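Okay, structure first, notes after.
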Amino acid sequence: MIHRNRLRSAWNRVDSGEIHQAPREWQPWLSDTGSLTQKIEKAIGQKLEVQVLRDCPQSLNSDESRYFHFQIRRCRVREVLLCANGTPLVMAHSVIPTMSSSGSNHHVLRLGKKPLGAVLFSKTRKHSKAKPPRDIARLDRSSALWKKCAKNYADLSSPLWARRTLYRLKGHPILVNEIFLPALLAYSVG
């Protein structure tokens, strides 16, 4: 027998009211529709350091497969820590379907230590009026993303708050998960 809880996602649309379940100090980070990289850099007064944890072909976890309606088989997963003075503030877990990184996107998505947000929020995207779908979640120790963070961030407490956004780059989907780490709260949102 399959338990219903295993089939449901922990993710909810930002406009579902779930945002009010998050602690007040996390709400501005979770609900912001702009570039997270730019928002953090403004708050810390300097450029973020990008520490690439992995950038390779990988299978999707069950929640990601469900998100793409089980239609994506091959993808590239890019995981990075966004840091200020060596302290991790955010872990980003981006799912780039193989079809999304081909053609004219291939060169653009050769990121190295550049944040993906620099590509997604380039001048060409600023004129887009459509807001990409955004979900938020409270991640606990059983979450695949929480476990990934725990491998790279010592003394991690549960729960963590995260947001995920489905961006389109030249019409192709890219799913970006941003997991907010406790050190981010040392900086106020401007």
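The values are calculated or read from the model by the stated rules, or taken from the named source; none is laboratory data. Model, not experiment: these values are computed from the prediction. Because the Cβ atoms are built from the backbone with ideal geometry, glycine has one as well, and the counts that use them run over all protein chains shown. What goes into the accessible areas is simple: the full protein's heavy atoms, side chains included, and nothing from ligands, DNA or RNA. Shrake-Rupley method; radii C 1.70, N 1.55, O 1.52, S 1.80 Å.
Of note:
- Counting charges near residue 111 (Lys, Arg +1; Asp, Glu -1) among other residues having Cβ under 10 Å from its Cβ returns a value of +3.
- Figure note: 37, 87 ranked by solvent-accessible area, largest first, 1.4 Å probe, ligands and nucleic acids not counted: 87, 37.
- Each residue was assigned an accessible area with a 1.4 Å probe, and for residue 55 the value is about 60 Å².
- In this structure, the amide hydrogen of residue 169, modeled 1.01 Å from its nitrogen in the peptide plane, lies closer than 5 angstrom to those of 174, counting only residues at least 5 positions away or on a different chain.
- The largest accessible area among 138, 13 belongs to the first residue in 138, 13, and the rest follow in falling order (1.4 Å probe, all chains).
- A Förster distance of 22 Å, applied to the separation of the beta-carbon atoms of residue 170 and residue 62, puts the FRET efficiency at 0.20.
- When the listed pairs 113/148; 39/113; 47/148; 47/114; 131/151 are checked against a 21 Å cut-off, the alpha-carbon distance exceeds it for 47/148; 131/151.
- Within the assembled protein chains, the solvent-accessible surface assigned to residue 121 is about 40 Å², based on a 1.4 Å probe.
- Exposure of residue 153 as accessible area (Å², to 10), given a probe of 1.4 Å and all protein chains: 40 Å²
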